[in-house]
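Student: Input: one structure, supplied below.
The values are calculated or read from the model by the stated rules, or taken from the named source; none is laboratory data. Because the structure is predicted, anything quoted here is derived from the model rather than measured. Cβ placement follows ideal geometry from the backbone for every residue including glycine, while neighbour counts extend to all protein chains displayed. Surface accessibility is based on the protein's heavy atoms, side chains included, excluding ligands, DNA and RNA. Shrake-Rupley method; radii C 1.70, N 1.55, O 1.52, S 1.80 Å.
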There are 4 protein chains.
Amino acid sequence: MMEIGSSDLPQAALDRIRDSFARQGLMSLLGAELAEAKAGLVTIRLPFKPDLTQQHGYFHAGGTASIADSAGGYAGFTLMPGDSSVLTVEFKLNLINPAQGDFLEATGRVIKPGRTLTVCQLDVWGVAPARRVHVATGLQTLICVQGKPA
Amino acid sequence: MMEIGSSDLPQAALDRIRDSFARQGLMSLLGAELAEAKAGLVTIRLPFKPDLTQQHGYFHAGGTASIADSAGGYAGFTLMPGDSSVLTVEFKLNLINPAQGDFLEATGRVIKPGRTLTVCQLDVWGVAPARRVHVATGLQTLICVQGKPA
Amino acid sequence: MMEIGSSDLPQAALDRIRDSFARQGLMSLLGAELAEAKAGLVTIRLPFKPDLTQQHGYFHAGGTASIADSAGGYAGFTLMPGDSSVLTVEFKLNLINPAQGDFLEATGRVIKPGRTLTVCQLDVWGVAPARRVHVATGLQTLICVQGKPA
Amino acid sequence: MMEIGSSDLPQAALDRIRDSFARQGLMSLLGAELAEAKAGLVTIRLPFKPDLTQQHGYFHAGGTASIADSAGGYAGFTLMPGDSSVLTVEFKLNLINPAQGDFLEATGRVIKPGRTLTVCQLDVWGVAPARRVHVATGLQTLICVQGKPA
């Protein structure tokens, strides 16, 4: 079986993900960047700005969830057929440490690929020059919709 | 036992929630509005704009999650002591219909209040003139942190 | 749209569920009983016995989860085609009060039926002569597998 | 920081867990065995018997959930004070492959220990002589209750 995260994507697959990411208005509003995309593994970064905070000045869980959801969705999408589309069925997130740092880094990693359903592990870190703290971990179920534009 | 959602909040409690909501940079970036706050029940609205979309033009699940998380957090907060603070422990969201409409409306409703932990039901609707569609449902666990500013 | 829980099932559908339930070895080991089955709504009861406890003498969360999962699965199954089968994709359960009483009563209620995926709300109560306490609430995602015996 | 799963437990801690496990009537009814307990990592095995099945003859998700919940609960418990008790706040489980094999093996691993709340990753494998299949993965939130017998 394919080793998740070890294979580079073909250029066409990479383009498909970059195009789709660029159409996500929310990623652009938040200021999120697609940092890495390998087969079954996608990383998204979100630099800190006051616009992203909750009431105590940390990153709002909604921002954390937004990049975690997109990272997982695209991680699953890397393993789906070219003419298909991906939708999130559900996700669950545990917020395990205050979400702070110069940026958040969210990783989606496929645990179980499937023709219809794909399950991903979601992890988010808060990154500062001297430290990297695990701020959230979660699970996500995706569905592959055949024959729908990405 | 108190009937959730039926009691008006004292002005001080309402002010505390409005102040806290106003400090959430993300709510302002998204354009979310605090629509209603009663004891154990809070509603937040999010008008549509292209900045909030995922790749197919619907509301991104991250926006849906953001207002659902805040609605639940504040619903729990209405029942917590005045000198306490609320943090989300975890939440889970099922995305059951495409998130579209003139605006999203997220409701957080306390199912189980507690001294330390509070559990909320989260629901989000997509609202247009002629229809109101249930787009997401979820559960959220909150923790009350004593003696921390809101 | 059909009102969940208000319609009696045709006898053939009821028989299909009773037959399937009878084949669940675990329900019989636990001593669980199929109490009610309507369209989109199924209730299962689990009488207390010391064999079902966790370390403090309450019902173990695993027993609570077992009847909640079966109740949701069969609730979804009532709305699926006769030649299909149902599998649980995932579920999440919040344990909100100590699970005690003469018996547990678990209800699965379809929130969102679908051709492929169905989402159910799960609730469990601890029932004693003088009280009925909400002990768990959850969400469940089911998948309908076509052409597989029930 | 302590490396989860690498440290042997003191005999007193091991005894505390074995005693507690022995008081879980459900584990004994199911036939589950405490296979390993290290600091922050606990493994429980559940040999197959027809009494544990769902309608297709696989292990019922309730049995899978039961041993996963206990494994996570005890994994968290290994890191809690001697006079405390552990309760499950919530858990979520994705069922990613048919649960079959000679036995199931559930591992609970602490991701985030805490004075009040602890978060665990739950994984279950179906084990047969020639194969070991990942059948479920999940997340669990535990609460440490001070001064309550284990």
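Student: Would you kindly work out the equivalent ellipsoid of the range D:11-146 from its C-alpha gyration tensor and give its semi-axes, the square roots of five times the eigenvalues, largest first in whole Å? Write down the numbers at each step before the final one.
Tutor: Working: eigenvalues 127, 46, 31 Å².
Output for the range D:11-146: semi-axes of 25, 15, 12 Å.
Student: How tilted is helix B:11-23 with respect to the longest principal axis of chain B? Cα atoms for both, answer in degrees (0 to 90, nearest 10).
Tutor: 50
Student: Give me Rg/Rg_expected for the range B:43-91, where Rg uses Cα atoms only and Rg_expected = 2.2 N^0.38 Å with N residues. Can you show the working numbers first?
Tutor: Working: Rg = 13.7 Å, N = 49, 2.2 N^0.38 = 9.7 Å.
Normalised by 2.2 N^0.38 Å, the Cα Rg of the range B:43-91 equals 1.42.
Student: Here's a follow-up. Under the rule of at least 5 residues apart or a separate chain, name every residue whose amide H is placed under 5 Å from the amide H of residue D:96.
Tutor: Residues meeting the amide H criterion: D:136, D:137.
Student: Using a simple spin-label model with points 7 Å from Cα along the Cα→Cβ vector, what separation in nm is obtained for residue C:83 and residue A:146?
Tutor: Label at residue C:83, label at residue A:146, 1.7 nm between them.
Student: Counting heavy atoms of the protein chains only and a 1.4 Å probe, report the per residue accessible area for the range C:11-146 as a whole number of Å². The partial results should precede the final answer.
Tutor: Numbers: 4420 Å² over 136 residues.
Here the per-residue accessible area is 33 Å².
Student: Based on alpha-carbon centroids, what's the gap between the range D:1-55 and the range B:19-96 in Å, whole number please?
Tutor: So the separation of the two Cα centres works out to 39 Å.
Student: Let me ask something additional. Provide an ascending nm list, one decimal, of label-point separations from residue A:15 to the equivalent residue in each further copy; define each label point as 7 Å from Cα along Cα→Cβ.
Tutor: Label-point separations across copies, in nm and ascending: 5.9, 6.0, 6.9.
Student: Tell me the GluC sites (Glu not before Pro) within the range C:1-102 that lie in a loop according to DSSP and have at most 15 other beta-carbon atoms within 10 Å.
Tutor: C:3
Student: Taking all protein chains as present, what is the carbon and sulfur share of the accessible area of the range A:62-150, in % to the nearest whole number, probe 1.4 Å? Walk me through the intermediate numbers first.
Tutor: Values: 1460 of 2680 Å².
Carbon-and-sulfur percentage of accessible area, whole number: 54.
Student: Just tell me which aspartates and glutamates come within less than 14 Å, Cα to Cα, of residue D:112; anything on the same chain fewer than 8 places away is out.
Tutor: A:123, B:90, D:3
Student: In debye, nearest 20, what is the charge dipole magnitude of the range B:11-146 about its Cα centre with +1 on Lys and Arg Cβ and -1 on Asp and Glu Cβ, if you could check? Working shown, then result.
Tutor: On the way: 12 positive and 11 negative charges, 49 e Å.
For the range B:11-146, the charge dipole is close to 240 debye.
Student: How many Å² of accessible surface get buried when B and A come together, counting both sides, probe radius 1.4 Å, rounded to the nearest 100? Intermediate values should be presented prior to the final figure.
Tutor: Numbers: alone 7610 and 7620 Å², together 12300 Å².
Roughly 2900 Å² of accessible surface disappears when B and A pair.
Student: Taking the label point as lying 7 angstrom from Cα along the Cα-to-Cβ axis, what are the distances from residue B:57 to the corresponding position in the remaining copies, in ascending order and in nanometres?
Tutor: Ordered by distance, the counterparts are at 4.3, 5.0, 6.3 nm.
Student: Here's something else I'd like to know. Specify which residue in the list B:114, B:125, B:94 is farthest towards the positive end of the charge dipole of the range B:11-146, using unit charges on the beta carbon of Lys, Arg (+1) and Asp, Glu (-1), about the Cα centre.
Tutor: So the residue furthest toward the plus end is B:114.
Student: Cα axis of helix B:61-77 to longest principal axis of chain B: angle in degrees, 0 to 90, nearest 10?
Tutor: So the helix axis and the longest Cα principal axis differ by about 20 degrees.
Student: Here is a follow-up. With θ set to phi - 60°, apply the Karplus curve 6.51 cos²θ - 1.76 cosθ + 1.60 along the range B:123-135 and write out the HN-Hα couplings as whole Hz, x wherever there is a Gly or Pro.
Tutor: 9, 10, 10, x, 10, 10, x, 9, 8, 9, 10, 6, 9
Student: Residues of the range B:37-73 losing 40 Å² or more of accessible area relative to the isolated chain, 1.4 Å probe, heavy atoms only?
Tutor: Buried by the other chains: B:51, B:55, B:56, B:60.
Student: I've got another one for you. Charges only on Cβ, +1 for Lys and Arg, -1 for Asp and Glu: so what's the dipole of the protein assembly as shown about the Cα centre, in debye to the nearest 20?
Tutor: Values: 52 positive and 52 negative charges, 0 e Å.
That gives the protein assembly as shown a dipole magnitude of about 0 debye.
Student: Right, here's the next one. Under a GNM of chain D (C-alpha, springs under 10 Å), which listed residue has the highest mean-square fluctuation: D:11, D:100, D:140?
Tutor: D:11
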